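One structure is given below, encoded as structure tokens.
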Amino acid sequence: MDGAQLARALATLARVYGLRDAQVLNVYLVGSRLWGTQRPSFDYDLVVVVADSDSTLGGDASTGAHGHAGAFDVQVLSREGFAERVRAQELAALICCYLPPEHVWRERARVSHVLSRGMLARACLTSSDKSWARARKDCEARGQIERARKGVVHALRQRALALQLLEAGGVRDFAMAGLLGPLTVELARGAHEPRALDAPQGGGTGAGEAVGSVRDGQLFSSWEAGLPGQAFRRMGAALMLTSLQSPAGQ
């Protein structure tokens with residue numbers, strides 16, 4: 001646990017959300033620093049759990065608040081809102097129960113939970129399918145190639161994490177470099193190729209724009225037919241199969 005960073009985070013929460021130290025129950029470090037993909041300039045991604053009696057968040061307590069605050073990208077949830085997400089086997093909340101000690105900056109109110117194999121598989125499949133669909137739209141309809149690439153990696157990571165939970169009852173490898181490394185290279189190769197087809201053809205910009213959008217569609221199709229798509233489908237099938245099996249050791 002990084003005491004200096006926790007102190008900075010608490011000061012930021014007090015300034016931005018009006019949260020006193022005593023109101024902040026749990027602070028979890030997630031995101032790129034958990035996956036091992038961070039750079040020094042990256043924000044610290046935090047999940048912050050506060051007492052249910054606090055009304056500083058406004059709105060639905062289960063929804064909480066999310067935003068950038070200084071060097072931190074913060075998801076603030078009430079204790080009950082966080083517990084609801086854990087019970088629903090939502091992966092973003094559930095993995096906080098399995099973090100290595102250095103990523104648990106504070107935990108005054110640990111949430112008890114039971115790993116529900118069927119619920120976890122269904123929740124992950126639904127969430128990762130949505131991530132994949134958003135990535136497709138970013139690529140094909142919006143031409144946001146880098147954002148689409150990150151979306152595909154996120155969808156793959158979701159399924160890989162859920163599989164670890166189902167197979168081992170925990171997460172032994174958050175980075176998953178052996179699995180995600182080659183897939184990330186494959187995605188980057190396509191995303192960073194020169195976009196020669198974007199150049200105007202026939203003397204008009206409209207033709208070039210049309211060809212560019214076709215190229216974006218072809219790019220995502222190549223991801224889907226290639227190693228990333230194959231891994232995504234394979235892990236989806238494994239999730240369904242593993243969720244029906246008894247946990248290891250039983």
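Pull out all pairs, ordered by first then second residue, where Cβ-Cβ is under 8 Å, the residues are six or more apart or on different chains, the first lies in the stretch 167-181 and is closer than 20 Å to V153 by Cβ and free of Cβ contacts under 8 Å to residues at least 12 places away in the same chain, and the second is loosely packed, with under 13 Cβ neighbours inside 10 Å and basic (K, R).
Cβ pairs passing all conditions: none.
Can you confirm whether Q75 is within 20 Å of Q158 (Cα to Cα), within 16 Å of the chain's Cα centre (by Cα), assigned to a loop (DSSP other than H, G, I, E, B) and touching a residue at least 12 places away in the same chain (Cβ under 8 Å)?
No.
Please list, ordered by first then second residue, the pairs with beta carbon atoms under 7 Å, 6 or more apart or interchain, first in the stretch 22-39 and within 17 Å of A9 (Cα to Cα), second of a type in the set (S, T, Y) and crowded, with 21+ Cβ neighbours inside 10 Å.
L29/Y44; R33/Y44
Say we look at the stretch 100-119 and pick out the residues that are charged (D, E, K, R) and not in a loop (DSSP other than H, G, I, E, B); which of these is nearest to L166 (Cα to Cα)?
R117
For the stretch 10-28, enumerate the residues that are assigned to a helix (DSSP H, G or I), touching an Asp or Glu at 6+ places or on another chain (Cβ under 9 Å) and among the aliphatic types (A, V, I, L, M).
Scanning the stretch 10-28 gives L10, L13, A14.
Assuming C97 fulfils every condition listed in (1) assigned to a helix (DSSP H, G or I); (2) touching a residue at least 12 places away in the same chain (Cβ under 8 Å); (3) more than 14 Å from N26 (Cα to Cα) apart from one, which condition is it?
With respect to (1) assigned to a helix (DSSP H, G or I); (2) touching a residue at least 12 places away in the same chain (Cβ under 8 Å); (3) more than 14 Å from N26 (Cα to Cα), C97 is out only on (3).
If I ask for residues that are assigned to a helix (DSSP H, G or I) and either small (G, A, S) or at pLDDT below 95 (or both), which ones from the stretch 34-45 would you list?
Listed by number, the list is empty, since nothing qualifies.
Return the residues of the stretch 11-30 that are surrounded by 19 or more Cβ atoms within 10 Å (Cβ to Cβ) and closer than 21 Å to P101 by Cα; say none if nothing qualifies.
V24, L25, N26, V27, Y28, L29, V30
What tally of residues in the stretch 146-171 results from selecting those that are of a type in the set (D, E, K, R) and closer than 19 Å to A121 by Cβ?
The qualifying residues number 3.
The values are calculated or read from the model by the stated rules, or taken from the named source; none is laboratory data. Quick caveat: nothing in here was measured; it's all calculated off a predicted structure. Note that each Cβ is placed from the backbone with ideal geometry, even for glycine, and that neighbours are counted across all protein chains shown.
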